[in-house]
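Every number in this text was worked out from the coordinates using simple rules, so none of it is lab data. Since this is a predicted model, take the numbers as computed values, not measurements. Cβ placement follows ideal geometry from the backbone for every residue including glycine, while neighbour counts extend to all protein chains displayed.
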C-alpha cells in the first residue's frame, strides 16, 4: 500500500502515520517527493485494511498495490485450473463447453425436449432454473424442488451434467443432490454468506459476475469460495450495467482475456443475458470463443415464443443445432 | 404496453401479434402511423410480461406503460405512509429521523459508548451491524448474535430503537427478536427470497437501494415486501455506482423528491456509504434534509480511527453532536 | 410518439393534450386503458419534439416510437452502403479494412517507418494524428500541418490512403487537402457545428462513438453529416465509459451486429483505445472481426516504448505483422 | 508516480525500469515488498506521462500520485478565487449568484420578458443560448448573432450581466463582444482547442462538466484555460450520465463540497439540465445551495409550454419569483 500525504502535511503528521503502520505490524518506508511525501507500506502478505490510516490527519489518500484476492490470482497459482463437472472439463487446453437449456424449468416434458435438443446439437451440459429471481413479485417464480427432479432426469436421460442456480442457503442441500454444478447468479455475487456456504461444499460452482461488479470484485467474490476450500470455480461474464439500454446489459468481452491473465480460473460467457436479444446470441457466442472463453452458457427453449421467462433471448432447438455446426467449424479452425 | 412493429412488417404479422395479445386475455388496439404500425395493449391490471410478444416476427420493440410496482405506487395509494418503529415515526409531517451508530458492532463497551453519544447528540435510533458483508473474505466479518445482544442492550439503556442488517433468512428470527427494524443491504436489494421472507414478518424494514438499481427496480423490490403483507417499508438512498471514483459511490439526491412523488413510502439517505468520506457527511446530510429526506442514517463511532470497518466515513461522537446542533437549527428553519 | 397520462388525469386534461397535438399538425389517437389513458400521436414523418407536450398538466411521460435519425436508418435505406476511400472499400461483402499507424505523428522518419510496417503487414490504410486532444494541457499536442505533410507523404510512398482527426473547423481545409478520410474523435461526436461542416465536404468520414453516447445518439450524430449531403460515413466503436477501470474503456462489441441491423452504414472497431492495453489488442481485434466489423483501426508504432502518446496500447511493427497473418487466416475462414 | 512490478519480475527488469526513469530526468526509489517490488518516482513537478514506463517488461501497473492539474488545485493556490463578472462576484464569502433565463434565445420580446422576470425575481445574471447543440439535426438550432444582440440588449435594459454558450472558435469574437461571460457546454468540456482559445481571452468563463467526465478530468479541463493565462473560471456541475434514466442526468451534488476542497475555483450547479424535470428544480436548487454551491444556473422562460427548447425543465416567471423568495430566506438562514 502507498500512503499519499497532503502537500501541506507536517513532519509530525508523517511520523504519526509511520507509527500507525508499525502498530499494524508492518513496515513504513517514507518516500519524500518534491511536492509531497508518500509512505510505502511493506511487509503485508496481501490486501491491507486501510480504514484506520485513511482517517489520520495529513493523509490525502491510500493506494492499494495488493489486490483483495490471492488464491484466485495467477500470481500465486501460475498454472491454469481445470474444473471437472461430472466428466466435462473447463479450462485451458480443453474444448470450450457449451451449456444450454431453458431459463426456467417449466415441465417434465419441456426439460426432456430441451435436453434432447441440447444433446442433438452437440451441447455438453444442460441448464435450467428451478428458483427464479424476477424483477417484480408478480412474475413466474419457478417450480422449485419438483423442477430440480425434471432437470436431473433430463440430464441423466441424455448424458448431460446439469447446472442450476442456488439462491439461498437452504436450497444448497437439495441442489447439491440433484445438480452437478451450482450457479451463483449475478444478484448474489456479493451474497457473502451464500458464497461461504457454497465454498464448504466442494461442488463445482458457476459464479456469475454481478451487474455492477468490477473485475477486482468479481475475483474477490471467487476468493470467498476458494477460501473455504472449494477450488472448483468457473467464472461467468454475463454483461454489466451501463448507460446503454439498446441491449439488456453491455457484454464486456475484454474481460475474458483479462481474467485469463489475472486468474487461473476458467471463464465462460453468457451472451443470452448479456444482450437480451436472440438475434445477437449466435454472433456474440462466436466472438466470445475467439476472445478465449472456456465455454458458453446460452438459453435454448423448445418453444421460445411460449417460454414463461426470457423467451426473447432464447434460441429454438433448430437454431441451436445450426449455430452449433458453425461453432464446431470455428473451434476446429481455432485449434488448427 | 405499446408494441411497435418494424417499418416493413406485413399486415399478416400485425394480425399475428393482435392474436397473441388476445390469447393473453388482453385487448389490442392497432394505431396505424405514417411510417409504421404500433399496437396498444389494453385491459391489463399492471405490468405485462412481454417476452412472448417480443419474439414474434415483425415486432421491433415493446414499450411498457405500466410500472413493475403497484402497491408501492402513489397512483394507487395517494396518501403518504407513516412508518412507526417502536414509537419513532418516518414520513411526511414527521420530524426527520436521525439514525446513527457504528458500521460494525465491535464490543459491549463500544455499543454503550456509541449509544450514549447518539442519544446525547439527539439521535432517535441506533444502528450497528452484527453480520458484515465485506468485499474480501479476509476482512472482519462481524460478531453475530453476540453483537445483536450488545446492540439491543445499548438501545434499551438509552431509549433508542435499533436497526441492524439481515443478510440471510436464517438470521431473521434472532434479528426480529433483538432489533426493532430490519435492514436490507444494497447487495441484497434483489435477493427476492429474502425480501419475501421479510415481507412475512410485519417487522419494519429499511430497504437500501442496490448500487446499480434504477428507481423502478428499487420500488419493485419494495413491492416484493409489500406483496407479502408487510407495509412497513422505509426506503434508503445510499449512492449508486458510476464512472466517478472520487467518492465511494455517487449520491443520487434527486431520487428523494422523485420517490416522494412516485411512492407513498418514506425515504431516508445514508451519506456515509454514499460518499465514503467523513468530510462530506455533514454537508450532504444537510443537503439531503433540504431535498426532503424523511431521515438520515449515518455512521458514528466512539473512535473512528480504531473502527474495524469503514472508519474513514464515520464521525466521532463530538463531531456528531456538533452536526446535530446545526441540523436542529436547519430543521427549525425548514418548518418555519 | 405515445403520450401517457397520469392515473388521475381529468378528461379536460386529456382534451387539452389532444388539442396541443393538433396544433403541431399531427393526429392524436386516445387509447383509454383500465388504469390510465394513453394518446398515440400519428402523422409525424420522424422524431417529434415533445418538450411542449411534456409540460402540459396531467401528462406523466412521453415515449418516442420514432428514432432521432432517419437517413442513417436501415428502415429507410435497406441496402448496405459501401464507402470508398481512395479505392479502399468499407461495407458488406468487402474485405474488412485494416487501418493502422501511430497515435501521433512525431517525425517524417517515424511516419515512413510506420507506413512501411503497415504496408508490409498487409494493412490497407494509414492513420496518424496531427492535432492531439490530450487530457491535460501539459502533454504533447501534435505537430499540426507539418505532421499532415509527413502523413500524406508516407501514405503516397506506400500506396496507403490516410485518415487523420479533425478537431476544429479551421482545420478542415488543410486536412481535406492532405488526408483521404476525416476522423471525428469521440470527444467531438456531439460537436454539431463540426459535424455539419464535415457534412458539407463530401470527404469520407470516420465517426467515432462518444465515450458516453448511446447507439441512438451515435446514429443521430451520423445523421447530422448525412443531412448535409455527405453520405460517406463509416462508424467506429471505440469503447464506452463505465464503472470498470481495469480497461481504459469498455469495448461494447455487441454494438457491431446491432448497428448492422439498425443502419446501412459500415462500422469498424478500435481495440487500441477501447482497451488501452497492448496485450488485449490482438484478441479483441479477432473477436471484433467475428462480430462482423467492417474494419479495424489500431495503433502501430515503430517503437512503442518511445511513443509520445498512448505507447501502452500500440503494437510494434513485428507484432502487427504477426497479428496480420493470423487475421488473414481468420478472414479466409470466415469467408469459406 | 508509483510503478508496481509483477510478482515474477526479474531484478534485471527492475533495473531496466529504474534506468528508464532516470532517462526521464527523474529519480527512482525501489521499495522491495514481500510479494513484489514497487518503484517510487521522485523529482517530478507535476503529472508524469507514463506511457513509456507502462510498456516495459515486468511492469504490472503505474499509479499516479500527482494529479493532471496544478494551477486549478488548492494545494498550490490555497486561497479561494473570487471571479468578477461585470460586478457580479462568484466565490467564497460572496452571496450565491442566481443565473436565470431561457435555454434558447427565440425573439427580442421573449428576452425582454425573460430579463424582466429574472430581475423582478431577484436574479443577478441573465442566460440564453444563441447557438444550440441539439441531439438531432432536425431540431431548432438557435438565432445566432441576432440572438446575441437581443441577449445583450435585454441584459443592459435590466442591469443583468449576460452569459451565453460558445460552441466554436469563430464565435469567440462576437460572443466576447456581446456577452459578459462565456459558457463552455458539457459536450465541449474536452474540446481542448476551444478551451485554449478561451484561455487567451481573459473573459470570464463558465465551464460545464462533461456528462461522463470525472472530477479529475473536469479540473484538468479548467487547467487548459488557466494555463493560457485566463484565471476567471467558474465551474458548473450539471449532472452526469449513469444507468438511471428517470432523471435526464444524475445530479452529482457531492461534487460541490469536494471541488471546494480540491480547487480554489468557484462552482455553481445547473439543476435544470441535471434533472430535466421542472418539478425537481426548486428542491434541488435549495439542496445545492446548502451543499455549498457558489451559484445556480436555471432555466426560466416567459412561457415554458411554448419554449422551442427544453421547455420541460424551464420554470415560468411566476414560479421563479416564488422560488427566489424561498431562496432568499434560505440564504439568510445559511448566513445567520
Exercise for review: Among A:31, B:240, rank each residue by its count of other Cβ atoms within 10 Å, from fewest to most, as a rough exposure measure.
Suggested key: A:31, B:240
**Study point:** Efficiency of FRET from Cβ geometry, residue D:170 and residue B:325, R₀ 45 Å, rounded to 0.05
**Key:** 0.20
Practice item. In a Gaussian network model over chain A where Cα atoms closer than 10 Å are linked, find which of A:201, A:164, A:27 has the largest mean-square fluctuation. Key: A:27
Practice item. Nearest to the axis that maps chain B onto chain A: list the chain B residue whose Cβ wins, with the distance in whole angstrom. Key: B:212, 2
Point to revise | Label 7 Å beyond Cα on the Cβ vector: residue A:334 copy-to-copy distances, nm | key: 1.5, 5.6, 5.7
Study note, to complete from the structure: Candidates D:231, D:122, D:93; GNM for chain D (alpha-carbon contacts under 10 Å) flags as most fluctuating D:93
Exercise for review: Would you tell me the mean number of C-beta atoms belonging to other protein chains that fall within 10 Å of each C-beta in D:275-287, as a whole number?
Suggested key: 5
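Which shape class applies to the range C:74-335: rounded if a/c is under 1.5, otherwise prolate when a/b exceeds b/c and oblate if not, where a ≥ b ≥ c are the square roots of the Cα gyration tensor eigenvalues?
On the way: a/c = 1.29, a/b = 1.11, b/c = 1.16.
It comes out rounded by the Cα gyration axes.
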Exercise for review: Could you compute the FRET efficiency for residue B:109 and residue B:6, with r as their C-beta to C-beta distance and R0 at 56 Å, rounded to 0.05?
Suggested key: 0.25
Revision key, fill the gap. Taking Cα atoms only, Rg over Rh for the range C:178-311 with Rh from the Kirkwood formula is 0.97
Revision key, fill the gap. Percent antiparallel among DSSP beta bridges confined to the range C:74-335, nearest 5, equals 15
Exercise for review: Distances from residue C:173 to the same position in the other copies: list them in nm, one decimal, shortest first, using label points 7 Å from Cα along Cα→Cβ.
Suggested key: 1.4, 8.4, 8.5
Check your understanding: According to the square roots a ≥ b ≥ c of the eigenvalues of the Cα gyration tensor, what is the shape class of the protein assembly as shown, taking rounded for a/c under 1.5, prolate for a/b larger than b/c otherwise, and oblate for the remainder?
Key -> rounded
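Going by the alpha-carbon gyration tensor, a ≥ b ≥ c the square roots of its eigenvalues, is the range D:226-281 rounded (a/c under 1.5) or, if a/c is not under 1.5, prolate (a/b greater than b/c) versus oblate? Let's see the in-between values first.
On the way: a/c = 2.51, a/b = 2.22, b/c = 1.13.
Prolate shape, in that a/c is at least 1.5 and a/b is the bigger ratio.
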Check your understanding: Label-to-label distances across copies for residue D:35, with labels 7 Å out along Cα→Cβ, in nm, shortest first?
Key -> 2.8, 5.0, 5.4
Check your understanding: To the nearest 10 degrees, how steeply does helix D:215-227 sit against the main Cα axis of chain D, on a 0 to 90 scale?
Key -> 80
Study note, to complete from the structure: Between the Cα axis of helix B:108-121 and the main Cα principal axis of chain B, the angle (0 to 90°, nearest 10) is 80
Review point. What average count of beta carbons from other chains do you get within 10 Å of the Cβ of residues in A:194-204?
Key: 1
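Suppose we keep just the DSSP beta bridges with both residues in the protein assembly as shown; what percent of those would be antiparallel, to 5?
On the way: 74 of 174 bridges.
Beta bridges within the protein assembly as shown, antiparallel portion: roughly 45 percent.
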Point to revise | For residues of B:92-105, the mean tally of beta carbons on other chains within 10 Å | key: 0
Point to revise | Candidates B:90, B:131, B:192: whichever shows maximal mean-square fluctuation once chain B is modelled as a Gaussian network with Cα springs under 10 Å | key: B:192
Exercise for review: Taking the Cβ of each residue in C:73, B:212 as the centre, tally the other Cβ atoms inside 10 Å and list the residues starting with the fewest.
Suggested key: C:73, B:212
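What do you get for Rg/Rh over the range D:78-193 if you use C-alpha atoms and the Kirkwood form of Rh? Provide the component values of the computation, followed by the final result.
Details: Rg = 14.5 Å, Rh = 14.8 Å.
Rg/Rh for the range D:78-193 comes to 0.98.
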Check your understanding: Going by alpha carbons, how many degrees (0 to 90, nearest 10) lie between the helix axis of B:11-23 and the longest principal axis of chain B?
Key -> 50
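For D:166, C:14, A:97, which order do you get if you count the other beta carbons within 10 Å of each Cβ and list the fewest first? Show your work: numbers first, answer last.
Values: D:166 26, C:14 20, A:97 23.
By the 10 Å Cβ count, ascending: C:14, A:97, D:166.
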